[in-house]
Every structure is written in structure tokens, then in C-alpha cells.
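One structure is given below, encoded as C-alpha cells.
The values are calculated or read from the model by the stated rules, or taken from the named source; none is laboratory data. As the structure is a prediction and not an experimental result, all values here were calculated from the model. So basically every Cβ, Gly included, is an ideal-geometry build from the backbone, and we count neighbours across all protein chains shown.
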Amino acid sequence: MTPLAEYLLVAALLFAIGLAGALTRRNAILVLIGIELMLNAANLNLVAFWRYGAHPELLTGMMFAIFSIAVAAAEAAVGLGLVIAIYRHARTTDLDEINRMKG
Amino acid sequence: MQEAIPFTPYTVASWIGRILWLIPALPIVAAGFIALLKQPSRKLASSLAIGSLFLSLLLALAAFGDVLGGWVTGHAVRETVNFAWMHIGATTFDLGWVLDPLSAVMLVMVTFVGLLIFIYSVGYMAHDENYTRFFCFLSLFAGAMLGVVIANSILLLFMCWEIVGLTSYLLIGFWYQKPSAAAAAKKAFLTTRVGDIFFLLGIVWLFAQTRTLLFYNQGWGSLEAVSLAGMLTAHAGLGLSAATAIGLLIFAGAVGKSGQLPLHVWLPDAMEGPTPVSALIHAATMVAAGVYLTARVYPLMSAGLQPGGTTVALSVVTWVGAATAVFAALVAVAQNDIKRILAYSTVSQLGYMMAGLGLGGVAVGMFHLITHAFFKALLFMGAGSVIHGCHEEQDVRHMGGLRKSMRWTFLTYAAGMLALAGFIPFAGFWSKDAILESAHSWHPSKAPFYLLVFGALLTAFYMTRQVSYVFFGEYRGHGHPHESPRVMTTPLAILAFFAVVLGLVGTPAWPWFRSFLTDRPSYFEWAGFAEPGILTLMLTSTAVVVVGLLLGWWLYGNKSPRADEPDALERMMPPVWRALSNRLYVDEFYGATFIAFYYWWARVADWLDRRVWGGIVAAVTWSFGLWARFNRFFDENWVNGGFDKGCEELAVGGGLLARVQSGRVQTYLRLLALAVVVLAAILIWSSRG
Amino acid sequence: MANTADQIFVLLKHWIVSVFPIAIQPYLGVLLSVVAIIAVFPGLFALTTVIERKGLGRMQNRIGPNRTGPYGILQPIADGIKSLTKEDIVPTSADAVVHFMAPLVLVVAVFMGFAVLPMGRNMQLVDMDAGLLFFFAIGASTELSIFMAGWSSRNKYSLLGAMRAVAQMISYEVPLLMSSVVIVMITGSLSLVKIVDAQNQYTWGLPHWYIFTPWGCAAFVMFCVAGTAETNRSPFDLPEGESELVAGYFTEYSGFKFALFFLGEYLGMFSISGLGATLFLGGWSAPLQVLNFVPSWIWFFSKVMLSIVVLIWIRGTLPRLRQDQLMNFAWKFVLPMTLLNLLVAAIWRFMGDGILRWIVCSAILLGVYVVVGTVEMRRKKYGPRSYRYAE
Amino acid sequence: MNVVFWILAVITVLGGLMAVTLKNTVHCALALTVAFAGLALLFLQLDAQFAGFAQVLVYIGAVAILVVFAILLTRGSETPSEGVLSHTWFAGLLIAAAVFAVLAWAVLKSTAVLQHETAAPSVSVQQIGSALMGRYVLPLEIVALLLTAAMLGAVMVALHEKGEQK
């Protein structure tokens, strides 16, 4: 069991948890939270691969992680904005009720 | 701390060299601020523009002094600051600026004339409601133009070149309410594009040949010995060396910008813009940019030039220039719009510059460029003052006798007119004389010389015609003409002064300008006149000019034909007049050839669509119809039953599938995850073996 | 002599550590520094409360606390005893866990911020390569505790206060960061120690502090504004505007937790002032070369206290802003100016030495300041309001 | 077996679990921040200082706050009367478990080829900065553009449409 494998396992677990949250909760915001968790798990993988990879001095994995953090910030902003818009429109954030394909 | 920034200049230049970028930067920044301003804050706008350009002028003078100092102490100054703009793969795109006599002279000219014109337009545009927009465009233009001047990288030059084109477009169409202005702007933009495409091709080719975008870079620039030698040996087909071909392509760009034949058509129409614009952009600076570009890449054109001989590129430049000079002068004779006359004369003078470049090298062309910038700006601003004074009247036949009512304008205008006509000892005389001299001593052919002399005659003639129309006789317009405000006349006076004396830096006796540009020591000696041919040449050109003046005065002087009665020249030779006044039908020619060709082609395509393809389609449809009839019979009797069954099946399946598309996000997400699982499993499994 | 005085704490620490076995020495060193920080700053906090109360008293033409001890010096002790012995009330409907966590998170987060501040020549807990980033990251996480406090205590005043506070802190964190990025650009390092070293040089006896450059000065001004807002000090103290919402997010807190919030707030002030001093005022470096003999830590703390006094003074002077004014000011004025300041710093860096860069940079900054300022003032939003009273 | 790592891992995973299981949405958000903090510490454990601090700054400082704001704006703070789980929660759980199984399988299967303990790479912020300005300048520009667009987009989406002003 190499340290890298440990990190990867933790990341996988976190990813699964996030996925479970995204799949089982009915509140849109909680789905977003799950997605954030999944993103973070991915980041953990990237950094771990950078750390134990062949060429850490190239910074590739780290850069990837940093960029994905930035992208995740954008994603959260837009996603929550959408949730708020939907809430204003449908007066609910319950995904089971938001299943109309046209506004 | 040093490595905190990626920017590292390749060379260490003098302090002025290092901050040369400020010269274009200031007006551009000013333009940015002005763009933010609201309409009411006019004063702030104009003062921002003028102030920034004034600072640029000071810096330009400092740069000029620097170069001058280097020249006096006898070692050439060519400071370049280059830096890598971006790396893509292995190739780096370099930008940079160069400070050498050529750019220094140009800088001073542009900033100085520009500043005067800015001040002038404060008065001219005073009543326009888009005042701030005007100044925004104007100083954006100034910045871009200065960028063109100092560019040491053909890429940077091209960028600024395009910005200049854009601002020209914006300013020609400044009064976009007038459809004519809008059309003129479009025409200018498109026509110059034609040239710019070739220019771009030239740039690409140059880059491909020399692997560098820089002009000068410690001997590795594209205009320096190594690359030139390489380009001379490389062949481009048609027996041309790559150097020649690239030079010609770039020259095509110059042709577009500075309105040489055959792309001159946009320049006269460009006079739809406000007069300061015509003065600044379409007389003094932008149209000169083409000439400047040609001068910049002169080493490319003259690659492999033997003394006394010429190169293909140079001879092309010469012929185009000479032809343009005469052609435009001819047309100018028969125009009635005061600004159009000046526009055509600009075209012809630009022709002179080009010819000068081709015949006598950088110094000759640039000398005429500088002097012309001054007196042509003067003429345009004078014309503007006249138009302003005559209540926006532009037709010379509705003017006249203004010499009494507009003293200052008249005096300064006369000075400019004499300078343009090349009357001794005004500025234009010396510069034009230099061109004629080099034309006379041009071995390959004498034709350009005669053409240019003829052009000089015409120039004197049409300027006399215009002046006597505008300022002599009695006033034929409506309302009362009035002198323009001080803020407009003062720049005129300043420019007039230069129009008179500026030529003295380039007399044969004291060819200071030439030796400055070509970096040779200069000294004063009367013997300069005594050189064989010079004196006779000067006498001939003077004589030609005088003849032109007298001719003009004899035809038009002091008599004031009304608008309805035909022009004096028209009475003498109507057909010629008609040809000329219709601008020798060039526009019509283009209309009849290129544009008509497009129409024709469109019609052909249309016909093809209707007849040929249409016919085929019809035939196909018919056959299908036949086939269909048969099928119908077949269907109704055999297929239908089975088909209906199939349809039911499909309906059921569709129902099943539709249940998946529930519009619930989580359903989709679930399927996604499921797919991931399956794929990953397959992947791992397959990776086992 | 001067050197020992300068390094006295460092020497002391080494001496103490050297007593113990090698194995635990590094941990012990860290522990000692932490203890020192945890001891010193609350002391400063006590001192500051006295200064504030008496200073404000004078500004408002009162005497201020003067009963406990001579001139009321012992007031903070009395306060401490009081708040410790008070009953700790938790609203029944409150969310007990979060309600309990909030003050702890706040204080811990704020204390962590001090870890990277160099408080004297080699007197810092850790010299992190990304110290500045660390500082801001920690600072960012204090917002959460405030939200926790406001939300958990099921009280609309608290909630409103928390929302205001969080919104305000987020909006002002951006300019705060931006105005510090300039320093990073010039120094080429995020390590606060390196930043101080870069400023610790003298020409003609005058220091190279960044405040003495056009961009530095501009950045400092904006840093002060943003920092004041970040620590919810007046005139940006809407989150706890007594007149509007009782005491903002810690309305429902009492006793020790309240004291913790109080402490956290003041510690926030200290850390921001310390950062400001480090970035712009040359950290622990002396203001004049001749004054170098004075121990460096004295300089640092005097700078911090000076800015604290200024903050108190401001609090006594300026009226409170309106929420919309606050936001507009942050997003429409301070942020653009900081962005421009980045550009100016780049120009400065790239023009090399010479008087010219001073002229150009100052010109750009002033020009834009004037233009933007006038344009903004026109739009009535920041301009003086005309109140209409009921006749 | 690295103790610190395991502690952090447990903290992170627990935070994640609570974030998706707790009833009260705000508690979920707070648990989420715990998970974020744990991740940041894991990054530090991986000698990725910069990434770790960036994580704290962005996630705890911004995303968590955003989530909380969204919760309060959508009145999500009071727990809904009917269950918090969507009616298809069981399938979701199964699939999540399957995903974890597959990933774990992959990791464990390839554990032989994975790198063993390597020396900690010494990477200074300086290098990261120059890398951002040099090799990664294009991505950097694109991300900048993306963030701007996202900001505008979020504002536009979350704004009140005219007409349905309440």
C-alpha cells in the first residue's frame, strides 16, 4: 500500500460520497455541494499524482489543481445563481418537483 | 527582485530610447480617458488630447535631439528596444521600437503638425455635438500613427497600421448621418483593405524567409545584411528574388494607404470627413504612412542595388509614383470642390514622394514628405477656414474675393499654394527639385523626369486656378464671409512660416537633411549649386512653375465665372474637361469591370441554379415520382400490414425510452455514473490481459 | 548591546529550549512562540480597550473610565472578571453546537494569522514561502465564524448583522488582496519576511518603505480603507450598528463567549494593522537609519499601536455609512483603483530607475483619481445627501 | 502508516459524509467547510502549500459563503417536512457504491505500478508564478476570461427579472 494509493483511495471515497449526495438529496443546493465534493476529490487526485509523479518539478498536476479550483469557483457561482433563479421562478429547490423541460 | 518580471529588453538604449514607447502611449491613454467622458465635458476632452500630444511632442523633440547629438558627434544612432511578446511553440513573436534619424524626423513632424491640427480643430469643431468622440478618435489616431513610426517589428507596425486605418474609417464617417460620408468611409476602408491583404502576405512571407519580425536586431533583423543576403538568393518565381517579391507585396500595402494608382479612388471621397481630419490624416500623416513604410523597408527594395542602376522593386515604385503624380494632377485641374482639388493634389504629391523614393532613395522621398506635410496641412486647414467662413460652402465657384474678408487665411494660403506649386524659395521648391534632380540623373529611363516636370506644371496651374477662384474676383456665395477665430488662424500662421523656410535644410548648397538621414557629415558650400546640371535644372523647374502660374492666371485670374457658366478651360477644350472632371472615369471603370464582373458572376450562378441544377432536380423528382407510384401500389398491397405492426412496436419502445427522459436531473446523473462504472470496469478488465 | 536587546526574545527562546533534550526541541520552540503570541496579544488587547475607552471619552468630551486603579488603568481586568463570572446564556431556540463553535473558530482563525507576521528581526513563528496567501486564507475563514454566530442564535438582528458583515467582508476582501498584490509584484515574493527585508534598506538615511512610492502610497490608502471595513470598524461598523440592529451578530452572546468575540475583533485589528505595517511601513525596520539601535520589535509594535490609535481616532470622528454606499464604494471605486494600481506598478517596474517613472505613475494615479472621482461624485450616490426634515 | 495522514483523511471523509447526510442544510454547508479544511490540510501534507492555501481561500472563503448565502436566500435553512431524500435515493446510493467499488478496485489493482515514497519536491511560489506567466500563460488568460464571464453570468442570472418584481 503506497502512500499514493492511500491518497487515491481517500479521493475515491470522497468522490463516491459526493456522488451519493448528488444522487440522493432532493435539495438542489445539496446536489451542488455533492458536486463540489466530487471536484475536490479530483483535485486531491491531481495533487497526489503531482507529488508522487515522475516529474514534480514540471508542476503540471499542481497547476491543474489550481486551475480546477479557479474553475470550480466559477462553477459554484453560476450554479448557485441558477438555483436562486430557479427558486424565484418555481418557489422551490426540490429537484423532484423541478422536472419541467420548458419554463 | 530583477526576475520578478518576465520583460527583459534585448538591448540597453539611452534613457529616451527606453521610454520611447511613451510617445504613442500617451495619446492612446488619453483616448481611453476621453472615451470614458460624457458629452458635456468638452474642455476636459480637448485639453486631455492636446496635453497628451504636447507631452509626446516634447518627448519626440528629446528623441530628435538625442539622434542629432549622435549624428553631430559622428557615430550613427540606431537604438532599438526589442522584447518577446509571446512564445508559441518554438517561435517567438518579438515587438520593439527603433530610434533612428528616419523615425526621429517623422516623430517630430507627426507630433508637431498633429498638435497644431488638434488646436485648430478646437475652433473648427466647436459647434459639433460629438466633440468628445472626435477628440477621442483623433488622439487614438495620433497614438497609432506614432506607433507606426517607431515600430521596429513589422508585426507591431501592422497592428498600428490597422488601428490607423480604423480611425481613418471612423473619422471619415464621423458625420455618419450623411449617407455620402458613410459610403466614403466604407469605400476607404475596403479599398485600403485590398492593399493591406498584400501587405499581410508580405509580412507572412518575410517572417517565413527570415524567421524574425524585427527590422533591426544586432544584425539579425530582417532588414540587415544576413537576412537580405538570404532573401536575395531565395527565388520567388518569375525571375524575382524573394526580397523583390516581398518588397512589392509590402509596397502594395503602401499603395493602398497612400492612395497611389490604382487604389487612389478612396482618398478624394475621404474628404467627406471634417476638415481637420482631412488635414491630419488624409494630407499630412496617414497617407504619408505608406511612403514612410516604403522608406522603412527601403533596404529590402534596394537589395542588390548597383550604383547608377535600379532594382525591379524600385523601378516599380518609381513608375507607379510618376504615373500617379501626373494622373492626379490632371484630374485636380478640373475639380470644383475646394477639398477635392487638394485631395487630388495630395495624391499627386504622394506620387512625387514615391517617385523620389524610387529614384533618389530615402532622403529624397522623406524630404518631400516632411515639407509636403507642413504645407499641405496648411492648405487643408486654410480650406477649412474658408469653408468655415463661407458657411460650410465647399464649391469654389461659390466663393471668390475672400482675400479682402479673410486676410490671414489668404496670406497663409498663398504661402502654402506657392510652396505646393514649388515656387522658389518656398519649401516645396527644394524638395521637389531634389526629386526632379534625381529623376534627371536616373539612368534606366528619362520618362519619369518628363512626367514629373509635366506634373509640376499642372500643379502650379491648378493651384493658381483654385486660388484665383477662391480669393480673387468678387464674392459669389451667399451670406457674408468672415475671418475664422484666432485659435484657427494661429496654427495657420505657424505652419505658413514653416512652409516658407523649411526647405532651406535641404538646398543643394547645404543638403543637411539628406546627410542627416544617410548619416554623412554635412557642410555648407555655394559650390553645391555649381554642380553640373543642378543650376539648369533649378532654372527649368522654376521656369515650368512660372509658366504654370501664368497660364493659370491668364485663364482664371481676377475674373469670377459664376457657377452656372462653364469653366474657362471647359470653353477651350470641352472633351478633355469632361474627361478630367469625371476623374478620368476610374471609378466608372472599376464599376464597369470589377463590380460589374461580380454582378455578372452572380447572375451566372443564379442562372445555373435555375436552369441546370433546377432541371436536374426536376428530372430526379419526376423519376422519383414514378418510382413512388409503383411503391404506393406495392405498399398498399403488401407492406402496410407489416409496417403498422412495426410502428406499434416502435411506439411501445419509445414509451419505454421516454420514461428515462423524465426531466429529473438526478436521473441523468445516475445514468451518467452508471455509464462511468461500466466503462471503467471494461477498461480495467481489458487492461488485465 | 543593541543586538542583544534586539534579539533578546530569540536568545531567550533558544536558551530555554536548549535546556530540554534534543528530541523535543523543535516542537518546544514552536510551542514557546505560540505561547508568546497568545500571551502578548491579549495583553495588547487589554491595553487597547483602555486607550479606546479613554480616548473616545476625551473625544466625546467625557472622562472615560477612571474608577478602577489610577486613571482607570485596571479597567480591563475588571471587565475580564465581570465577563468571566457572568452567566452564559444560550437562547433556547438557538443551534447549540454552532452557537458554541462560532467564537472558538473566530479566535483560533485570527490567532493563526499572527503566525506569519515578522514581529522583529527573525522574530516570526514560521517564514512561509506563501505567507501572504496564508494570511488572507485564514482571514477569509473568519467570515464563516461570523455567519455561524449570526445564524445559530435564531435572532433576526443577529442574522441581519451576520449577513451584512459577511457581505461587507467579502466585498472588501477583494480590494484588500488587490492592494497587497502590488507589493508582491514589486518584491517578487509572497513571504512577509522577504517583503520586510526588501524594505529594510536606506538611501541618505531614509528607508525604502513602499509607502514612499506613488503606487505604494495609493495601495496603502486603499489598504487602510479595506482593512477598516474588513475589521468592521467604524465608519464601516454597520454589522454591529447599535442603532439599527442591537449588537449585530453577537447580540445573543454573553459572558465569556461575548468576551471571545470582543477579543477576536481586536485581534483582527491587530493582525490587519500588523500586515499593513509589514507591507507598507517596512515592518520592524526603523524609520531612520540612525534609529537602527532601537530594537526592531519595538518598531513593529509601535507601528501597530500607532495604526490602532488612528483607527480609534477615526471611530471617534466619522459617521457611519449606509449599506448601499458601502457596497458601491467597494465595487465601483476602490476595486477599479486597485486594478489601475496594478497597472501603475507594472509600469513602474518596467520603466527602470529615473525621476520620470515617479512623474508618470503619480500622473496616471492622480489623473484617474480625479476623473473617476468627479464622475462618481456627479452620480449623487456618494455625494452629500440632502436630508428633508418634516416641517 | 502515516498517522497525520489518517487523521486528516478521517476528518475529511467525516466532513464529507456529514455534508451529504445531515438534515439541516446549513449544517451540511458547515460540514462541507470542514471537509474543505481537511482537504487543504491534505494538500499541505502533500507539500503543495500554494494549492492548499488557494483551497482555503477559494473554498472556505468564497464557495462555502456562497453556498450559505444561497441556502438563506432560498429559505433552505428550515428542514423540509417531508423527507430530505429524493424518492430514488436507494438507486443513487447503489450507484455511488458501485462507483467507489470500481475506483477502489482500479487503485488496488494498479497499486503495484504506483510510485513509492519519493523525496518531497521543493517548489517555491516563485516557480509557480513564473510557470503561470510562462508555460501556462494561455490557460491563465482563458481562466481569467472564464471567471469574468462567470461573474457576469451569475449576476445576470441571479438578478430580478423586470416585471416580476415583488
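Do you know which residues across the range B:476-505 are assigned to a loop (DSSP other than H, G, I, E, B) and in contact with a helix residue (DSSP H, G or I) (Cβ under 7 Å, 6 or more places away or on another chain)? B:476, B:477, B:481, B:482, B:483, B:484, B:485 - these are the residues of the range B:476-505 that are assigned to a loop (DSSP other than H, G, I, E, B) and in contact with a helix residue (DSSP H, G or I) (Cβ under 7 Å, 6 or more places away or on another chain). Residues in the range C:139-187 that are outside any helix (DSSP H, G or I) and more than 11 Å from chain D (Cβ to nearest Cβ): C:153, C:155. Do we find that residue A:95 is over 23 Å from residue D:149 (Cα atoms), within 7 Å of chain D (Cβ to nearest Cβ), out of contact with any Leu (no Cβ under 8 Å at 6 or more places or on another chain) and touching a residue at least 12 places away in the same chain (Cβ under 8 Å) in this structure? Criteria met by residue A:95. Scan the range D:39-53 for residues that are crowded, with 24+ Cβ neighbours inside 10 Å and more than 7 Å from every other protein chain (Cβ to nearest Cβ) and the total you get is 2. Whether any residue in the range C:261-284 is within 30 Å of residue C:153 (Cβ to Cβ), crowded, with 19+ Cβ neighbours inside 10 Å and more than 14 Å from the chain's Cα centre (by Cα) is what I want to check. Yes, some residue in the range C:261-284 is within 30 Å of residue C:153 (Cβ to Cβ), crowded, with 19+ Cβ neighbours inside 10 Å and more than 14 Å from the chain's Cα centre (by Cα).
Here residue B:96 passes the criteria (1) of a type outside the set (Val, Ile, Thr); (2) surrounded by fewer than 24 Cβ atoms within 10 Å (Cβ to Cβ); (3) within 30 Å of residue D:138 (Cα to Cα); (4) touching a strand residue (DSSP E or B) at 6+ places or on another chain (Cβ under 9 Å) except the one numbered (2). Please verify whether the range B:584-607 includes one or more residues that are more than 30 Å from residue B:269 (Cα to Cα), surrounded by 11 or more Cβ atoms within 10 Å (Cβ to Cβ) and not small (Gly, Ala, Ser). The answer is yes, given that some residue of the range B:584-607 is more than 30 Å from residue B:269 (Cα to Cα), surrounded by 11 or more Cβ atoms within 10 Å (Cβ to Cβ) and not small (Gly, Ala, Ser). Of all residues in the range B:395-424, those that are at pLDDT 85 or above and assigned to a helix (DSSP H, G or I) have Cβ atoms under 7 Å from Cβ atoms of residues that are among the hydroxyl-bearing types (Ser, Thr, Tyr) and crowded, with 24+ Cβ neighbours inside 10 Å, 6 or more apart or on another chain, in B:409/B:385; B:420/B:345; B:420/B:459; B:421/B:459. Out of all the residues in the range A:6-21, which are within 21 Å of residue A:98 (Cα to Cα) and either surrounded by fewer than 24 Cβ atoms within 10 Å (Cβ to Cβ) or over 10 Å from the mean Cα position of the chain (by Cα) (or both)? Hits for the range A:6-21 are A:20, A:21. Taking each residue of the range A:56-70 that is over 17 Å from residue A:41 (Cα atoms) and facing chain D (nearest Cβ under 7 Å) and looking for partners that are assigned to a helix (DSSP H, G or I) and among the small types (Gly, Ala, Ser) with beta-carbon atoms closer than 9 Å, six or more apart or interchain, yields A:59/D:131.
Here's the yes/no breakdown for (1) modelled with pLDDT of 85 or more; (2) within 22 Å of the chain's Cα centre (by Cα); (3) within 8 Å of chain A (Cβ to nearest Cβ):
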site	(1), (2), (3)
D:68	yes, yes, no
D:76	no, yes, yes
D:82	no, no, no
D:98	yes, yes, no
D:107	no, yes, yes
D:114	no, no, yes
D:138	yes, no, no
D:163	no, no, no
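Consider only pairs whose beta carbons are under 6 Å apart and that are at least six residues apart or on different chains; among these, list those whose first residue lies in the range C:367-386 and is away from chain B (no Cβ under 14 Å) and whose second residue is modelled with pLDDT of 65 or more and exposed (fewer than 13 other Cβ atoms within 10 Å of the Cβ). Final answer for the pair search is C:383/C:377.
Hey, can you tell me all the residues within the range D:137-148 that are over 18 Å from residue C:185 (Cα atoms) and in contact with a helix residue (DSSP H, G or I) (Cβ under 8 Å, 6 or more places away or on another chain)? D:139, D:143, D:146, D:147 - these are the residues of the range D:137-148 that are over 18 Å from residue C:185 (Cα atoms) and in contact with a helix residue (DSSP H, G or I) (Cβ under 8 Å, 6 or more places away or on another chain). Report whether or not residue C:154 is charged (D, E, K, R) and more than 21 Å from the chain's Cα centre (by Cα). So residue C:154 fits the description; yes. State whether the residues of the range B:630-648 include one that is charged (D, E, K, R), over 30 Å from residue B:337 (Cβ atoms), surrounded by 10 or more Cβ atoms within 10 Å (Cβ to Cβ) and within 14 Å of chain A (Cβ to nearest Cβ). No - not one qualifying residue is present in the range B:630-648. Determine whether residue C:123 is out of contact with any Leu (no Cβ under 7 Å at 6 or more places or on another chain) and either crowded, with 24+ Cβ neighbours inside 10 Å or within 28 Å of residue C:217 (Cβ to Cβ) (or both). Answer is yes for this residue. Applying the criterion of being in contact with a helix residue (DSSP H, G or I) (Cβ under 6 Å, 6 or more places away or on another chain) and over 14 Å from residue A:41 (Cα atoms) to the residues of the range A:71-80, the residue that is farthest from the other protein chains (Cβ to nearest Cβ) is A:79. Count of the range C:124-146 residues, restricted to those that are closer than 25 Å to residue C:258 by Cα and touching a residue at least 24 places away in the same chain (Cβ under 8 Å), is 11.
Residues that are buried (at least 24 other Cβ atoms within 10 Å of the Cβ) and in a helix (DSSP H, G or I) within the range B:138-152 comprise B:138, B:139, B:140, B:141, B:142, B:143, B:144, B:145, B:146, B:148, B:149, B:150, listed in sequence order.
For (1) without any contact (Cβ under 8 Å) to a residue 24 or more places away in the chain; (2) farther than 15 Å from residue C:278 by Cα; (3) touching a Leu at 6+ places or on another chain (Cβ under 6 Å), each residue gets a yes or a no:
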residue	(1), (2), (3)
C:105	no, yes, no
C:157	no, yes, yes
C:164	no, yes, yes
C:176	no, no, no
C:193	no, no, no
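Give the residue, chosen from A:57, A:75, A:36, that is assigned to a helix (DSSP H, G or I), over 23 Å from residue D:61 (Cα atoms) and among the acidic types (Asp, Glu). If you could, list the steps in order and put the result at the bottom.
Working: A:75 fails: over 23 Å from residue D:61 (Cα atoms); A:36 fails: over 23 Å from residue D:61 (Cα atoms).
Matching residue, one of A:57, A:75, A:36: A:57.
Of the helices (runs of 4 or more DSSP H) lying entirely inside the range C:283-369, the ones with 1 or more residues being under 30 Å from residue B:36 (Cα atoms) and of a type in the set (S, T, N, Q) are found at C:323-328, C:335-351.
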